[in-house]
Amino acid sequence: MEVAEKLGVAQVQYAGWEYRGRNSKDETVKKLAEIFGTSFDVFKGRDNGLEEIVSLLREYELTEEERKKIIIISKQCLMKNES
């Protein structure tokens with residue numbers, strides 16, 4: 001099934017959104033996120049991965065020592081990426 005059909009809009013209208021990035025209706029963006037199995041924030045261009053990292057860390061009860069190790073390792077990884 002075509003994306004436009006799943007959204008309940010004409011193919012021409014969907015193509016306009018896709019190529020010109022013009023669609024301010026949040027409901028449509030939410031539907032697109034569902035269709036493509038991603039989040040609303042990703043489609044709005046607001047996802048920088050932080051929410052995923054925070055969510056992962058919240059799954060565990062970290063000790064102070066573990067938290068400090070994660071911070072050190074994270075900084076080391078980020079410094080490598082800057083080089």
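Filter the stretch 4-15 down to the residues that are part of a helix (DSSP H, G or I) and crowded, with 16+ Cβ neighbours inside 10 Å and list them by number. Working first, answer last.
So the first thing to find is which residues in the stretch 4-15 are part of a helix (DSSP H, G or I), and the list is 4-7, 11-15.
The answer is 4, 7, 14.
For beta carbons closer than 6 Å, sequence separation of 6+ or different chains, a first residue in the stretch 34-59 that is at pLDDT below 75 and a second that is surrounded by 12 or more Cβ atoms within 10 Å (Cβ to Cβ), the qualifying pairs are 43/29; 43/32; 43/33; 47/41.
The values are calculated or read from the model by the stated rules, or taken from the named source; none is laboratory data. Since this is a predicted model, take the numbers as computed values, not measurements. Positions of Cβ are generated from backbone atoms using ideal geometry, with glycine treated the same way; all protein chains shown enter the neighbour counts.
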